[in-house]
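The next block holds one structure in the form of C-alpha cells; read it before the comments.
The values are calculated or read from the model by the stated rules, or taken from the named source; none is laboratory data. What you see is a predicted model; the values in this text were computed from it and never measured. Reconstructed Cβ throughout: ideal geometry from the backbone, glycine too, with neighbour counts over all protein chains shown. Note: accessible area is taken over every heavy atom of the protein model, side chains too, but ligands, DNA and RNA are not part of it. Shrake-Rupley method; radii C 1.70, N 1.55, O 1.52, S 1.80 Å.
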Amino acid sequence: MGLSSMKGWLLLATLFVTASAMEEETYSASDLACAVMLLGSISFMMGVFYLTNHSDDDFKMYSWNTISSTISIFCAVLLFQGVQGVVEYQFLEEGENDLTVAFLHLMAWCLLLQLSLAFISGAVSFPCCDSSSEENQEPLLEALDVEDQDAQQQLYLEEESKKISMGVSMSSVAVLAGHITGFAAISAWGELQQMKVLGPDLHLLWTWLVVPLTFLGLSSFFKLTFKLRERVFLMDDEKDYKEEAWDEYAKETEDDVIGLAISFLCVQCLRFTIVGKLPNVEGEEEGKDASHHSNLDALILFLTSLIFVAVQAVKSLIWKSDSRMGAQISNIVSMAISWTLFFTIQWEIDANAPDSVQGMLKKVYQAIIVTGVCFCSIFFIDKLADADWTGEETDKMLRTIILSFGILIGFSWEQCFDISVAIFSHVHGALKPVAIMKLVLSVGLCTVVVPAWVFYILPVVVQYEVKEKEEEEKEKAEEEIKEKIEAIVQTQKNATKLDDVARLKELRAWIRKSEQKHLELKKRAEQYQKDADEHKKNANMHQSSIGELRAQNFHLKGLMKTLPQEILEIHKLVEGLTTA
C-alpha cells in the first residue's frame, strides 16, 4: 500500500515538474509563424466550403472566381520568379539589372502566350500535329447531312462539348500565361521606372512618366499582335469559331496584362509620393526604415483607393463604352484598387505590429488579414449589387472590383510561399545554384496545384461565365426590342419633324391598307351572314314542306288501311250482281 501511494506521489510530482517546464518554455518567431500559418490555412480551407456552398448564387460565383484568380496569381508569380531567377543567374552578374534582358524576357512570354492560345484553339497547327481544321469540323458537317433527328442532335451536342472543353483549356492557358506575362511587364517596365533618367531630383516625375509610356508601349505591341492575327485569319479567307476563340481570349488576356502592369506601376508612384522612397521592382521596400510606416501613411494610401473607386464609378455611369479602351481602363482602375488596399494593410501591420513580427510571420499575418478583408468585402459588395436602387452599370462596376480581389489574396499568399521556397532553397538546397533549386521547387508546387485548378475549379468558373453571358445576351435582346418599341412611339410623337414624315407616311399607308383589309373582311362576313340566313330560311321552308308531306303520308297510310275492306265490299257487290 505504501509503495503504490509513493508511486502515485512520484507520478504527480513528475507531471507538475513537466507542466512547470512547459510553462517556462519559450517559443521562437518561427514557431509562432508555423502556428499562425497552420491555423490560418485550416481556417481558409474550411472557409472555402462555406463560401462555395452559399445560398446566394452570385456570392458563390464571386467566391469561385476569387479562388480561381488567387490560384492563378499564386502560380504565375511563383513560376515567373523561378524562371526570372534562372535568367538573371545565366545572363547577369549578382545584383546587376539589365533593361534589355528584362524586355527580352517580356517578349518571350508574350510570344509564348500568343502561340499557346493559337495552338490550343486549333486556329494554328504545328507540323508535328496533323489535326487540320477540316477534320475538326467533320462532326458538325456530318450532323448537317444526317436525316435522323436524334443522331443529328447527338452529334451537335458532341460538337458543343468539344467547344466547352476547348474553352476550359483556353481559359487555363489564357489566365495563367496572361498573369505571368503581366508580371513580366511589371518587371521590365519597373526596371525602367527604377532608372533615374531625369536625375535624382526629378526621379518622382520620371516614375510618373513611365506609367503612360508603359501604356503606349504595351498598347502598340498588342495592336501589332492583333494585325498579325488578322493576317492569319485571312489565310483561309474566312474566320471560323476557332479563330474567333483565339482572337477573343487573346484580347481579354492582353487587356488583363495592361491592367496588371499599369495599376502596379501607378501604385508604385503613389507609394513613392507618400513616403519619398521608391520600392524595388517587386514592390518591396528596402533599407533600415523600410517597415516603419505610420497610420497616416496607411490612411493616405487608403484614401487613394477610394479615389480609384470614385473613378471607376464615374467611368461606369458616365462613360458607358464597350470599346477595348474602356475595358483596359476598367481593368487598370479595379486592379489599382486591389493594389492600394494590399499595401494599405501592409503599412497598417508595419505601423501597429510589434518589432518581433518580421519576415515570414509578418507575411503570414498579412495573408490572413487580406483574405478575411477581401471575403468580407465581397459579401457586402454583393449585397450592394443585389439592391434594387443600384443600376445595371453600377452592378457591373461592383462585380469588376470583386473579381480583382483575387490579386490581393493570391499575391499575399504567394509572398508567404516565396519566402518559404527561398528559405528552403538556401538552407536545404541540394541543387546549386539556389536559383535552379528555387525554380525546381516552384515547378514542383505548381505541378500539384495547377491540375487541380484546371480540372476542378476552372470548369465551375467557365460554367458561371457561360450562364452570365447567356443572361446578358437575353437582356440585350430585351433591350433592343424595348428600344424599337420606344423608337416607334417616339416617331409618332415627333411626326412633325421632316426626318419622321416618311416614317409617318409609311405608318399611315399601312393603317389604310389595314382598314381596307378590315372592310373587305367585314363585307365578306356580311355576305357570309346573308348566305347563312338564306340557307336557314331555305332550311325552314324545307322543314315545313317536310311536315306537309309527312301529314299526307299519314293520310295515305290511313286510306291504305281502309282500302282492303272497300275492295272486299266491291267483290261482294260484284258477286251479288252476278248471281242476280
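Brief remarks follow.
- Relative to the Cα centre, the charge distribution of the stretch 213-340, modelled as +1 at Lys and Arg Cβ and -1 at Asp and Glu Cβ, gives a dipole magnitude of about 560 debye.
- Exposure rank, largest accessible area first [Tyr249, Tyr365, Tyr456; 1.4 Å]: Tyr456, Tyr365, Tyr249
- When Val309, Val364, Val211 are compared by accessible area at a 1.4 angstrom probe, the order from most to least is Val309, Val211, Val364.
- Value of D in µm² per second that Stokes-Einstein yields for the stretch 183-247, Kirkwood Rh from Cα pairs, at 25 °C (0.890 mPa s): 172
- The largest accessible area among Trp389, Trp319 belongs to the first residue in Trp389, Trp319, and the rest follow in falling order (1.4 Å probe, all chains).
- By a 1.4 Å probe calculation restricted to protein chains, Phe103 has an accessible surface near 50 Å², given to the nearest 10.
- Pairs from the list Lys251/Lys363; Lys239/Lys469; Lys484/Lys523; Lys223/Lys484; Lys239/Lys484; Lys196/Lys227 with a Cα-Cα gap above 25 Å: Lys251/Lys363; Lys484/Lys523; Lys223/Lys484; Lys239/Lys484; Lys196/Lys227.
- Residue separation of Leu296 and Lys467 scaled by 0.36 nm, minus their Cα-Cα distance, works out to 57.1 nm of gained length.
- Whole-Hz Karplus values for the stretch 373-384 come out as 5, 5, 6, 5, 5, 4, 4, 6, 5, 5, 4, 5 Hz, taken residue by residue from phi with 6.51 cos²θ - 1.76 cosθ + 1.60 and θ = phi - 60°; glycine and proline positions read x.
- Once the Cα-Cα distance is subtracted from the 0.36 nm per residue extended length, the Lys396 to Tyr241 segment shows a gain of 53.1 nm.
- What the phi angles of the stretch 459-468 give under the Karplus curve with 6.51, -1.76 and 1.60, with θ = phi - 60°, is a coupling list of x, 5, 4, 5, 4, 5, 5, 5, 5, 5 Hz, glycine and proline written as x.
- Between Asn53 and Glu479, the simple label model (points 7 Å from Cα in the Cβ direction) yields a spacing of 3.7 nm.
- Distance between the pseudo-spin-label points of Ala509 and Ser323 (7 Å out from Cα toward the beta carbon): 3.9 nm.
- Residue-wise HN-Hα coupling along the stretch 435-443, computed from phi with Karplus coefficients 6.51, -1.76, 1.60 (Hz; x: Gly, Pro): 4, 5, 4, 5, 5, 4, 5, 5, 5
- Neighbourhood charge, 14 Å Cβ-Cβ cut-off, centred on Asp386 and excluding it, Lys, Arg +1 and Asp, Glu -1: -3
- Cβ-based charge dipole, the stretch 203-294, positive-most Cα from Val211, Val275, Ile258: Val275
- Label-to-label distance, nm, for residues given as Leu115 and Ile488 (7 Å Cα→Cβ offset): 5.7
- A Förster distance of 25 Å, applied to the separation of the beta-carbon atoms of Leu38 and Tyr456, puts the FRET efficiency at 0.55.
- Nearest-10 value in Å² for the accessible area of Leu519, using the 1.4 Å probe: 100
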